[in-house]
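J.: Handing you a structure now.
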Amino acid sequence: IPTQNVAQLIFSHCLKGECSSGSVSNALKPSGDHLRMLRSVYAVLNRKLAANALASSVLILHVPDPASKMSDLNSHLQSISCLLCAVVDTLGKLYDGFQFVKAIIKAQSSTPKTVISVNNTARLILECTLLVTRTMPSLQTAFVANASRKASKMSSFYDLDLLDEGDLNRFRENMLGLRKTILRWCTNNLCRVYYAKVIQEEQAKCSDTYYEQGAVTKGPGAPDYNSVLGADSFAGDSDLSSPFHRMMALIRCILFLSPKEVESFSMVDEEREKDRFQRIEFCCKYGVDVDNEMLQIMLSSPNVTPNTALSVIENLLSRCGSDCAARISCRADTVWDMYKLAEYAPVFHSDMGIKSETDDDSNISADKERNGSQASLIRPDKPKLPRLAVTSIWWRVSSVALVLSGLLPDQIGSEMWDKNPTLAALIRMTTSQKYRYPTADCNEIEKERVRRAEETTKEKEAKIAELLFMPLKEQNKKIEKPEPQVLSPAHRRRGMRSSARQRAKQEKNMAVEQERQAAALHAEKMKLRKVLRTLQKNVMLWDPKQDQRKPPKGSITLLLAVNDSFALAEKYRLSTSPDFLLRTIGEGRSAIERAYDWLIPIVSSHPAIIDRLQPSASCFLLLRAYGVEGDKNRELLSLTGPLLLHVTKCLTGEFGEHHALLAMELLLQDIADENSDRRRCARKVLQEAVGDAKVLDSPRDLGHCGWLLQMTHFKNREELVPLVVKYLTRALAYERGKVLSTYIAALSEYKIFLEASKTEENFDFVSMLCELIAVRSHVCSDAFDRFPPLRALAISQVKNAFERAIESNDAAKLMASSSYLVT
């Protein structure tokens, strides 16, 4: 069995082909005999050894002439690509495409790294990665079937049903492992070659004369919120004169993150007329999965700047949008690590005594020893700076975290909601589609607290920006108004003769000069303040766990675009673990009132959400549907059925005692409200929800208030009936006629129920009735005249109360009952 070196020689001989004269040809057109020889040798070798030997042979062929033109390089790479296609077809099942690409990457690791060499290697990696699609049997069958139908060269595989699910899953798994290897090559080779130029480009953007005058040698630069997550295309990286943009274009191509850019690596029209474009499209759709390890590779690489690492992560996530098939897995600690990319560590001039949280006393002592005479310039009175962040990068990371929270709500979203107040606020904004600060769910007290916290933080950041960027001479300068020099009488007596007119002219000139100096000082101060405000826009406190921060204007466009690209609002609303919709709404009637405007369209488009709503929410929406606001509630009218069913389940205890009490209390609050329309709507809701059922053992017919009799037949009746009694007693102060008669009759039934159940609820029906008659005598008199059963009930109840009091010699009860009537 030949060794790897011997196998490499054999493979090189077979790949190049042999001319009749015996010399090696550069035509790269092997004959069938050479390919059969290659296959025979490949079959007897260990698969890993064979892949390594073949990779080394290909790299020998791939070495271009340094003096070659770009067109010659393209033609050379095209020949190698065609050759490899023939080799793969010859090897058949013996060929492991994923192992071969890894072998290519490993074999080139010892070659010198230049910009040209890494660019050529990147193109070779792309061509070799495309070959893995030739090893999928079901995909090859799909290509043949597609060709037989004379499909267009631009046809897509998205609609083909010939792909085997097992083949596709294996392809995804193997492609994920391969892309990790490619990404490591990018960080260790490609990014390392471009690193110096990228650093130089970033420093040029951060250069500013005010940084040189202040305490720091360089600042964070102007805010830049451009992100591939917020763009419809890669227009932001179209400037290929930039080293950073050229590097990012190569990374996107070899990781199949941009189909349009990968197309630029197509060789010639003849190749595209085959199945090349479809293979590229297939890899860009099904070979772009992302896992936690890929994200950590970028976060831990020493050869990339924070902006580069974040840009690559954004590009990786861009293929996980709503119109892509990429899968993603990530852990919450990786998201916290991403925030470290935004950290801004200011570099101070040597004569500055300012230190950050990362500095310690030993470093300061060492600086004193190194600086010698400059040690006296260090000012210990300057405060220790907190951890700072570059604002634009911090909010770009927050946008990435927002995307991950929507894609992985149970793994990322839950922890971010609990531990990252800013991200929780962004989730609320996205869920409700109300981009307000403070968020739409806050009440007035919470809004005031959030505003005060933001103002306090802004003031602190303004002082830090002044400390970092204000010129030292301005920090020590005190603006003093020049005092007018008025000549004293003593000086005038010593021979200085001046008339009153001359003295007035001198004083006037002095006043004009004083005003001119004050105006100049004020203009300089305003100019410096304006510069500081500009510099402050890109510096903020770093802590992600601080109180929620207000998104800057530049980040709003990015947040809106991210929501559109990934359909985040839909994902958050449909999430049930955790339920971001219910968390955004909040609890209680006041919360649902604040959420009413934005909740109606959501419930209208997704009626299934009704089953997830809290009792207060469904009851409130149903009350509004039956309200008197006209066309404003038109969207709710078609949802009265699902809402009514949900309210019924809540009241009857299907969702538990707590939900039943919440729903009943909200409706009873309207039953006892001063507004007649709210009372009417509440009665209608209760009647349609639980009042239509027949109660066979009831001696009374309460008509449209039949829901009152149902209370004593519910599962939680011992808790519900005292609650109903409490609010019905209040409602007696507003009702009249039949409703008043019905409530009194129901309360008499509840009195019997409470006595039978021996509850601790103290309810004196007779005293309540007597007080009502005394307070609302005209209303009660009218009701007694219209409804003889009510009059009979009142007389019998009062008579029985007197008789029981006389029999038991209870003078206190007798006086209490008679006092109202006498009054």
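The values are calculated or read from the model by the stated rules, or taken from the named source; none is laboratory data. Here the structure is a predicted model, which means the values were calculated and not measured. Here the Cβ is made from the backbone with ideal geometry for all residues, glycine too, and neighbour counts use every protein chain on show. Areas reflect the complete protein model, heavy atoms only, side chains present, ligands, DNA and RNA absent. Shrake-Rupley method; radii C 1.70, N 1.55, O 1.52, S 1.80 Å.
J.: Using a ≥ b ≥ c from the Cα gyration tensor of the range 584-690 (square roots of the eigenvalues), is it rounded, prolate or oblate, where a/c under 1.5 gives rounded and otherwise the larger of a/b and b/c decides, a/b for prolate? Kindly include the intermediate steps, with their values, before the conclusion.
T.: Working: a/c = 1.35, a/b = 1.04, b/c = 1.29.
Rounded, because the longest to shortest axis ratio a/c is under 1.5.
J.: Obtain the nm distance between the two label points defined at Asn188 and Ala792 by a simple spin-label model: each point lies 7 Å from its Cα along the Cα-to-C-beta direction.
T.: 9.8
J.: Which order do you get for Tyr437, Tyr743 if you rank them by accessible area with a 1.4 Å probe, largest at the top? List each step's numbers first, then the result.
T.: On the way: Tyr437 50, Tyr743 0 Å².
From most exposed to least exposed: Tyr437, Tyr743.
J.: R0 = 30 Å: FRET efficiency of Glu454 with Asp597, Cβ-based, nearest 0.05?
T.: So, using R0 = 30 Å, E works out to roughly 0.80.
J.: To one decimal place, what orientation-averaged projected area in nm² is obtained for the convex hull of the Cα set of the range 384-443?
T.: 5.3
J.: Please report the accessible area of Ser329 (heavy atoms, 1.4 Å probe, ligands and nucleic acids excluded) in Å², nearest 10.
T.: My reading of the accessible area for Ser329 is about 50 Å².
J.: Oh, and also: Can you give the relative contact order of the range 390-442 as a percent, counting alpha carbon pairs under 8 Å and 6+ residues apart?
T.: Working: 30 pairs, mean separation 11.2, N = 53.
So the answer I get is 21 percent.
J.: Would you list Glu674, Glu665, Glu314, Glu755 from the most to the least accessible area, probe 1.4 Å?
T.: The residues order as Glu674, Glu755, Glu665, Glu314, largest area first.
J.: For the range 704-751, what percent of Cα pairs sit more than 12 Å apart?
T.: On the way: 677 of 1128 pairs.
That tail contains 60 percent of the Cα-Cα pairs.
J.: Show the residues, 5+ positions off or on another chain, whose built amide H is closer than 5 Å to the amide H of Val290.
T.: Arg327, Ile328, Ser329
J.: With 20 Å as the cut-off, how large is the P(r) tail for the range 736-811, expressed as percent of Cα-Cα pairs?
T.: Cα-Cα pairs of the range 736-811 separated by over 20 Å account for 34 percent.
J.: Which residues' amide hydrogens lie under 5 Å from the amide hydrogen of Tyr344, considering only partners 5 or more residues apart or on another chain, with H built in the peptide plane?
T.: For Tyr344, the qualifying residues are Leu388, Ala389, Val390.
J.: May I ask you to evaluate 6.51 cos²θ - 1.76 cosθ + 1.60, the Karplus curve with θ = phi - 60°, for each residue of the range 394-402 and list the ³J(HN,Hα) values in order in whole Hz, giving x for glycine and proline?
T.: 4, 7, 5, 5, 4, 5, 5, 4, 5
J.: Where does each of Arg276, Arg529, Arg134, Arg516 land when they are ordered by accessible area, with a 1.4 Å probe and the largest first?
T.: Greatest to least solvent exposure: Arg516, Arg529, Arg134, Arg276.
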